[in-house]
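For reference, the structure is listed below as structure tokens.
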Amino acid sequence: MPSKTTNFTLSAMLAAGLAAATPLAAQTADRELTVYTYESFVAEWGPGPQIEAAFEAQCSCDLKWVGVADGVALLNRLKLEGEEAAAGVVLGLDTNLVTEAKATGLFEAHGIDAAAVEVPGDFADDTFLPYDYGHFAVVYDSEAIAAPPASLKELVEGDSNQKIVIQDPRTSTPGLGLLLWIKKVYGDDAAAAWSQLKDRVLTVTPGWSEAYGLFTSGEAPMVLSYTTSPAYHMVAEETDRYQAAAFDEGHYLQIEVAGLLKAAPDKELARQFLTFMLSQEFQQVIPTTNWMLPAVAIEADLPDAFDKLVKPATSLLYEPQVVAENRKAWIDEWLNAMSK
């Protein structure tokens, strides 16, 4: 039978062990990762809820989303917050913004094996990882427009009574995409194209969600969105009413990316998320929640609706450095044209 001294010693050892173990267990259970992204990603119908559940099941952590209006707004927020940003990961910038994002000095190399990534143009970067991609398009209501524009030129020069809702290039990645699309096609005549197109613009919204909401509520028969957007309506609503117009000049490409912040509170957890982002669990959620194409080949078959989508023959894209050098001047050109 153990002596009182032995009992005391064992009790003390047990208490000491529990005291040492409890903070570690609590720390594991209490680990948090905050991810900055855009509003539609974290909406109840977006990929956020499913991705959160899947990641938390393997990380024993709390994944928290912070959503802002759109992708460019993410970069604007980071510039304001600087090293005080609470996030570990930023998800929702695109390749048009990566040079400018790097210039903030807020990101560091992700250190993730990206060999599985397959995106048009084979974009690869040591700081930003692609997670999906798509092409911008004019999505139209086939019950309101019988003959949609077949080119950017027809959109610019078409009937001003048929309105379109677009997004602001200062806050929105689709809005910036349209700006670059028109610049790519019109070059030095871009300002004149905007001056003509503005009569067809019903309104300019801060982000994609507001614009698409106005479109589906019938406020305008056209909206700037993606070639993949009609898949949502065909799959979720079982209607082919909303379609994307195929443009002769080609469509501007968007590759969306995520990056690791230098000031991430838990870099190990942040890198774990970025690794998870390239997994089948994450990538298989993207097509039917974010309604974009996965950056990693998925094992599951896409819904048949994806076979019916516009498939651009030409992908238009500026190098990130070109966008960084010219974005302000091209936005000023847009503002000037739209305000006349």
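The values are calculated or read from the model by the stated rules, or taken from the named source; none is laboratory data. Please read all numbers here as calculations on a predicted model, not as lab measurements. So basically every Cβ, Gly included, is an ideal-geometry build from the backbone, and we count neighbours across all protein chains shown. For the accessible areas, the whole protein counts, side chains as well, though only heavy atoms, and no ligand, DNA or RNA atoms are used. Shrake-Rupley method; radii C 1.70, N 1.55, O 1.52, S 1.80 Å.
From the list P174, P221, the lone residue that is at pLDDT 95 or above and over 23 Å from S339 (Cβ atoms) is P221.
Under the condition of being in contact (Cβ under 8 Å) with a residue 60 or more places away in the chain and crowded, with 16+ Cβ neighbours inside 10 Å, which residue from the range 51-67 is nearest to Y131 (Cα to Cα)? Please lay out each step first, then the result.
Applying the first criterion (in contact (Cβ under 8 Å) with a residue 60 or more places away in the chain) to the range 51-67 yields 51, 54-55, 58-59, 61, 63.
Retained after the next criterion (residues that are crowded, with 16+ Cβ neighbours inside 10 Å): 51, 54-55, 59, 61, 63.
Values: I51: 13, A54: 16, F55: 15, C59: 20, C61: 22, L63: 18 Å.
So the residue we want is I51.
Taking the criterion of being out of contact with any Leu (no Cβ under 9 Å at 6 or more places or on another chain) and outside any helix (DSSP H, G or I), the residues of the range 307-322 that qualify are L309, V310, K311, A313, T314, E319. Answer yes or no as to whether Q280 is closer than 23 Å to W181 by Cβ, at pLDDT 95 or above and either of a type in the set (S, T, N, Q) or open to solvent by 60 Å² or more (accessible area, probe 1.4 Å) (or both). Judged against the criteria, Q280 is not a match.
Only a single criterion out of (1) within 23 Å of A246 (Cα to Cα); (2) modelled with pLDDT of 95 or more is not satisfied by G121, namely (2).
If I filter the range 171-195 down to residues being of a type in the set (V, I, T) and open to solvent by less than 10 Å² (accessible area, probe 1.4 Å), which single residue comes out as farthest from Y226 (Cα to Cα)? Before you say what the answer is, go through the steps one by one.
Taking the range 171-195 as the starting set, the residues that turn out to be of a type in the set (V, I, T) are 171, 173, 182, 185.
Filter once more, so that each one left must be open to solvent by less than 10 Å² (accessible area, probe 1.4 Å): 173, 182.
Values: T173: 12, I182: 15 Å.
Top of the filtered list is I182.
For the range 318-336, the criterion of a residue being touching a residue at least 12 places away in the same chain (Cβ under 8 Å), open to solvent by less than 20 Å² (accessible area, probe 1.4 Å), out of contact with any His (no Cβ under 9 Å at 6 or more places or on another chain) and small (G, A, S) is satisfied by no position. Of all residues in the range 181-200, those being in contact with a strand residue (DSSP E or B) (Cβ under 6 Å, 6 or more places away or on another chain) and in contact (Cβ under 8 Å) with a residue 60 or more places away in the chain number 2.
Here is the figure for the range 216-225: residues that are surrounded by fewer than 24 Cβ atoms within 10 Å (Cβ to Cβ) and either in contact with an Asp or Glu (Cβ under 9 Å, 6 or more places away or on another chain) or of a type in the set (D, E) (or both) total 5. So which of A246, A231 is in contact with a Phe, Trp or Tyr (Cβ under 8 Å, 6 or more places away or on another chain) and either modelled with pLDDT of 95 or more or closer than 24 Å to E143 by Cβ (or both)? Being in contact with a Phe, Trp or Tyr (Cβ under 8 Å, 6 or more places away or on another chain) and either modelled with pLDDT of 95 or more or closer than 24 Å to E143 by Cβ (or both) holds for just one of A246, A231, which is A231. Before we move on, is Y226 farther than 26 Å from G67 by Cα, in contact (Cβ under 8 Å) with a residue 12 or more places away in the chain and among the aromatic types (F, W, Y)? Criteria not met by Y226.
G250 passes every criterion in (1) in contact with a strand residue (DSSP E or B) (Cβ under 9 Å, 6 or more places away or on another chain); (2) open to solvent by 10 Å² or more (accessible area, probe 1.4 Å) apart from (2).
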